[in-house]
Each structure stands twice: as structure tokens, then as C-alpha cells.
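Where a number appears in this text, it was derived from the coordinates with a stated rule and is not lab data. Just so you know, these numbers come straight off a predicted model, no measurement behind them. Methodologically, a virtual Cβ is constructed for each residue, glycine included, from the backbone with ideal geometry; neighbour enumeration extends over all protein chains shown.
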Amino acid sequence: MSDTSEDWPLYEVFLRGKRGLNHVHVGSLHAADAHMALHHARDVYTRRNEGVSIWVVASKDITASSPDEKDPFFAPSGDKVYRHPTFYAIPDNVPHM
Amino acid sequence: MDTYDAYQAITDVTEDQRWAFGAGFDDPLSGIDTTIPDGVSADDLAAYCEMLGDDALLMSHRLQQWVGHAPELEEEAALANIALDLLGQARFLLARAGTVDGSGRTEDDYAFLRGPAQFRHVRLVEIVDNDFGLAMARLLVFSTWRLAVLDRLRVSRDPVLAAIADKGVKEMTYHRDYAAQWVIRLGDGTEFSHQRVQAGLDHVAPFVGELFTDSDVETRLAAAGVGVRPSETHAEFDAALDAVLSAATLGCPAWSASGGATRTAGHRDTLTRLLAELQSVARAHPGATW
Amino acid sequence: MTTVELQEHFDRTIAHDRRIEPRDWMPDGYRKTMIRQISQHAHSEIIGMQPEGYWITRAPSLRRKAILLAKVQDEAGHGMYLYCAAETLGVDRADLTRRLISGDQKYSSIFNYPSLTFADVGVIGWLVDGAAICNQVPLCRSSFGPYARAMIRICKEESFHQRQGYELLMTMMRGTRAQRAMVQDASNRWWWPSLMMFGPPDNDSPNTEQSMAWGIKRHTNDELRQRFVDMTVPQAEALGVTLPDPDLRWNEERGHHDFGQVDWAEFKRVIRGDGPCNAERIGNRRAAHESGAWVRAAAAAHATKHASPATSDDQAAMQQNAQGGPDE
């Protein structure tokens, strides 16, 4: 099990570009807090382009619903955006990529 | 149905310059009036550009040494960004020096062909750091100081310096904020991190006085409305550092006093080793184009 | 829904070339394979920072320095995009890092070769990134949505990398004799390892069939390897570089280049951990991770101290849940 004392939680990143109409989900990153997450988002997802609007949200705070996706692990309306890492053990190496 | 064509994506031409800051093929000074302002000595202006350029070049070098060694992947991206910004500033400044002193030297001539005695940086940027606490302490001091200087340089009568300063202020604000946030996290984090960053600040303290010591070149250029006397930024620096250190629950070190020798390079161990790493490949191939 | 119905839904999605998303039901084997593939790919990007990263401080011109620094930064970013994609499958990046460091998970063995000269930087861009692009463009159509989207973003950036590497080589090949010799030497060292990047031959690749059925793999190893050779031969000619394979020749009948036998014994040795730089690459990653632990811990401690009272309770509760969670 991971040593949680040094691990940083996961944040989802949303960007709206200079010519964009709305924020778009671009991925995620790890940060110790929201302020750091904003900095990181700027460094990793925009490489410091100015004029980009950034939203960061802790992944655990997102509630998701997508009735076509049928995994019984998730409640059909209103559940986590994806499985959080308490659930799955890492498989070992395969001989080649 | 996902119809996005991946092959199209990779052949689409994009104007996105961001993948290599300042790595374009254009002359960095194109479009800017490069004549020397009236009443300004060309030698002084060239020396000043070298000073500001060398500070940025060597500080960038120290940050580049963190690539692959940062404490988290996100910090790799952040430190590389800062290093790229400073490298960009150095390139503009060193290129400017060459156009001003009549030598026609390029940015690479300055970076790779000068010997230790010819560099004009402050000793702060030479400090070897393999400790993140020390790295952030030094970056905080450097960024706060340089931001204050560039901020005043925006109204320089030299249009090139003014343009470089204008761009640089945005960058330095970001760098200072990054370093300040880290000093605060480390200062007010764990006991261990508190000690490490405090030790970093104490290690940096003896090099701070030099930052606010006016050289003759800076004094003359400031009088001509072209340069900035760093002593004028001391109060702003103190106020900024006090605010950060207080939020970080850190003690303010005894910064060294200004007024001594400034920007005297030479055959110091640290500098010789730094330049060996920086210059060895270039020097091994004299006259080669890369 | 029953498992049979879930499986049918999954199969239909794949058959219609649609994406599987994180909240979709998926067979266990698919999930495991995706985690392995994505995390190994992510590890490769991070380890790949090292052979080129070494030359940043030593780059012989400021422009090359900037280009290389930006490229290595991109690679860190690629690793992050991929770890994010893996995390949507219910794993934690810190755990993946621990697995990499302990040797449980691997990375592309191409990075177990040393970068001996500055010309290696150009050749890595030309051949290694070139091979990676061949591998990766088909992955943009991977059946797993987050992976496909990460790959599209990565491929765009990687094409710049290859172009810049090639441009450095063109500059060097038009330069001094020493520069030209450096390029030829680097090409001699990186050519065969680049061919190995496509994995073992199809008849020695047991996972290929299942991976193709799941839409994880779109072409076989040999198909991609052949494509890479065909693309690269004219590039080498344009450079004036001789590829170190006396059996390399155009085959009019096949419409492809014939090429010599890859040394698969060497490939297996390097994968097993016996390559020139295996220990060094992992050692560096371990050192960075371990020496950074106090920094990460400090940031986490600071965040906890300064969180709002409600958030502190949530964090405490989360920690409790995390410790009590099921382990497979």
C-alpha cells in the first residue's frame, strides 16, 4: 500500500484557450494543494502560454454520470469520475513492450 | 463515432511556438532599434548586458542541473520552464552586447569562448546546490532581486533593454512566486524541511550583499537613464523577503552588507568546473556550426 | 446486467472501433494489459529524459541548449500525460514509480544504451523518436479513450522532436570532419537498438494476437519495423549517413527494403537488465525519487496544516478509507 504521507492528490485540469469558447478537460496532475495545482497546470499543460484560463478540481470532488457506461462498480448516476487507486493492484512486468 | 484523424493531427502545421521557448530561427533582435542612445558609452552598455546576461546564463545552468533530479515530475516541468526563460533572457542580452561593443561577437562567442576571468556575474549564481531547500532559497533571492531590477529597467532609454526587461518582468514574477511558494511550504512543512530551507537561506546569506552593491558601470548607466543601480532595489527586496519568510515561519538570516567588490569573476573552483561543463563540447570543435 | 451482456457490450464497442472509457466495464485482462502498457510507456518517457538530459548543460550552442531543454521537458510532460491515463484505471502514480524503481515494471530498453556524444542527441531524435512515432501513431486509435487522447497529444509534440534531431544532424553533416564522424558513429550505435524498439519478431510475440483483438495494438511488430526501415533509409541517404547493415537493400518485388538479422540475443539480455546503462538509469530515478521524499512530504504537511477545517476532516477520512481498502 502506498505511503500516503508524501503522496500528492490528483487534480483534473480544464483549459480555455485564448480563442476558446469554454473550458475543456485536458488531463490530470498531482499537487499538494490547489494553488500548486494551478502552477503545475500552467507548467505542464500550457507551457506557460499566457491568456489561457485554467481550472483545477480535485478528482475526488468530481461527480460523474454517464448512463451508457455500464460498469457495475459505478452508480449509474452520480459517482466518481473513475476508480480511485485503492482498488487495483499493479500487475508485474511483461517480457516486452 | 470517433472520427478524429491522428495522422492528420501530426502533420497539421501549428503556430504553437511554445515547445521550444526562444529556440526559433529568427534573429532575436529583429525589429528593434539597436542604436546606442546618446551620451552612453558603448563599452559600459556592453558590459552591463554581459552582467545581466551572465547572471541569467549561469542561474539557468544551475537549474538545468536539476533536470532528471527534481523531487516530483511536475517540478521537472516547472524548473525547466524557469531555466528556459532565463536562458532566453541571456541570449537576448549577450547578443545585444555583441552588437554594442562593435566586436560582432555572437551569443555563443560570449557563452562558450570567454574564460573565467571575463565573466561578469554575481557570485550568488555560482553556488552549487544539490539540495532542494538551498535551490529554492537561492532562487527566491535571485528572482526577487532580478525582478526588482528589471521592473525599473522597463523605462530604460535603450529600447532593447526596455524590451528585454518588459518580457523579463512577467517571467521573473512567475519565478519569484514559484520560489516563494516553495520556501513557504518547506518552512512551514515538516521540522526537517524547515531546517533544510533555513540552512539554505543561511548558506545564501553571504552572497546577498553583492547584489545591492553598485558597480561603476551601473552607476554611470543609471545616471544616463539606461541602467539601474541595484542598491535602489534593496528596500523592495527586504520587504518581499520579510513577507515570505514570515509566512514560512523562517528566521531572516543576516544578509551580508553591500559595498564590497562586485562581479569579480576569476579562477575559482566552482566557476572553473561550471564553465568546463558548459563549454567543453563547444571548445572541442573550434569554428563548428551546430 | 449480467457479465455476458457486459462482455457483449464491450466486444461491440471494440468491433465498432469506439472508445472504452474509464467508467466502462472491461475484462480484467484488458484492464491489466492497459495498465502494463500505459505505465511502461510512461516509465519510458521519464527514463528517456536521462540520455538526452545529460547534454543540456553541455550543449555547444545556446540555441541547441534551449531546444534540448524544451524537448526533455516535453518528455517529462509525456510521462505525466501517460501516468494520468493509467490512473484512470484505478492505479496510483506513486505506486507505479515504486514498481519502476524496484524493477517490477520495465521501460523501453532503448534507453539502456549510453549517449556518448552530442551527436547522439540528434540521432536519438532521428531514429529513436522516429521509431517511437511509428509505434505511437497507431496508438492514437487505441481502444482505450484516455490512452488514445494522450497519444494524440504526444504524437504532435514528438514530430517536432524528430524534426529537430534530424536538423541537428543535417547541420553537423555539413560541418567539420569531426562532426561528420561523430554523426556516423552515433548512427552506427543506435540503428540496431532502434529496430529492437518494435519488439521481438511476430512469431515470438505471444501477446500480439490478444492485443490486436482488443484494439490495443493495431499493427504487428514486424509490420511497424518494416515501415520504419522504409521511412528511414531515404532519410539516411539525404543525410549522407551509411546505416550499419550490409544486407540493407531495396527489394523491387516486395516493394520494401530487405534488412539484416537483428541480434535478438542482445535484445533479451538488455531487457533482462544486462544492458550497458540499466543500473544507471534506474539508479538515477531512484535517487531523485528518494531524495525528493522530504520535499513531497513537506508540501503534503503544509497543505494539511492550511486546509480549511472541512477539508482536513475529508482528508483524514480519505486516509482511513485508503488504508482499509481492498487489495487484489
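Which distance in Å, rounded to a whole number, links the C-alpha centroids of region C:168-222 and region B:100-152?
40 Å
Taking the Cα centre of chain B as the origin and placing charges on Cβ (Lys, Arg +1; Asp, Glu -1), which of B:89, B:276, B:142 is farthest toward the positive end of the dipole?
Result: B:276.
Picking from C:301, C:113, C:96, whose Cα lies most toward the positive end of the charge dipole for chain C (charges on Cβ: Lys, Arg +1; Asp, Glu -1)?
C:301
Can you check what the net charge comes to around residue B:216, using other residues whose Cβ is under 15 Å from the Cβ of residue B:216 (Lys, Arg +1; Asp, Glu -1)? List each step's numbers first, then the result.
Working: positive: B:120, B:220, B:229, B:263; negative: B:43, B:44, B:50, B:210, B:214, B:218.
Net local charge, residue B:216 excluded: -2.
Report relative contact order for chain B in percent, whole number only (criteria: Cα-Cα under 8 Å, sequence separation at least 6).
On the way: 386 pairs, mean separation 60.8, N = 290.
It rounds to 21 percent for chain B.
Over chain C, what is the relative contact order in percent, taking alpha-carbon pairs closer than 8 angstrom and at least six residues apart?
Values: 333 pairs, mean separation 58.1, N = 328.
For chain C, the relative contact order is 18 percent.
So for region B:38-284, taking the charge dipole from beta-carbon charges (+1 Lys/Arg, -1 Asp/Glu), which of B:255, B:128, B:221 sits furthest toward the positive end?
So the residue furthest toward the plus end is B:221.
A 21 angstrom limit on the alpha carbon distance is what I want to check against. Which of C:32/C:106; B:167/C:71; A:18/C:65; C:71/C:268 exceed it?
Values: C:32/C:106 15 Å; B:167/C:71 23 Å; A:18/C:65 29 Å; C:71/C:268 29 Å.
Result: B:167/C:71; A:18/C:65; C:71/C:268 exceed 21 Å.
Using Cα positions and a limit of under 28 Å, work out the lysines in reach of residue C:305, with same-chain residues fewer than 8 apart set aside.
Residue C:305 reaches A:60, A:80.
Taking the Cβ of residue C:186 as the centre, find all other residues whose Cβ is under 13 Å away and add up their charges (Lys, Arg: +1; Asp, Glu: -1). Don't skip to the answer; put the middle values down first.
Numbers: positive: C:180, C:189; negative: C:52, C:120, C:185.
Result for the neighbourhood of residue C:186: -1.
How big is the dipole moment of region B:38-284 about its Cα centre under a simple scheme where the beta carbon of each Lys and Arg is +1, that of each Asp and Glu is -1, and everything else is neutral? Debye, nearest 20, please.
In total the dipole reaches around 340 debye.
With θ set to phi - 60°, apply the Karplus curve 6.51 cos²θ - 1.76 cosθ + 1.60 along region B:207-214 and write out the HN-Hα couplings as whole Hz, x wherever there is a Gly or Pro.
Couplings: 9, 7, x, 4, 4, 10, 8, 6 Hz.
What whole-number value in cubic angstrom gives the convex hull volume per residue for the C-alpha atoms of chain C? Show your work: numbers first, answer last.
On the way: hull volume 55.0 nm³, N = 328.
Given the Cα convex hull of chain C, per-residue volume reads 168 Å³.
So which residue, out of B:237, B:112, B:142, gets the largest mean-square fluctuation from a GNM of chain B using Cα contacts under 10 Å as springs?
Greatest mean-square fluctuation among the candidates belongs to B:112.
With +1 on each Lys and Arg Cβ and -1 on each Asp and Glu Cβ, how big is the dipole of chain C about its Cα centre, in debye rounded to the nearest 20? The partial results should precede the final answer.
Numbers: 39 positive and 42 negative charges, 237 e Å.
I would put it at about 1140 debye.
Order of C:156, C:106 from fewest to most other C-beta atoms within 10 Å? Write out the running numbers ahead of the final one.
Values: C:156 18, C:106 25.
Fewest-to-most ranking of C:156, C:106: C:156, C:106.
When you look at the Cβ of every residue in B:141-152, what mean number of other chain Cβ atoms sits within 10 Å? It would help to have the intermediate numbers written out before the result.
Numbers: counts 0, 0, 0, 0, 0, 0, 0, 0, 0, 0, 0, 0.
Going residue by residue through B:141-152 and averaging, the value is 0.
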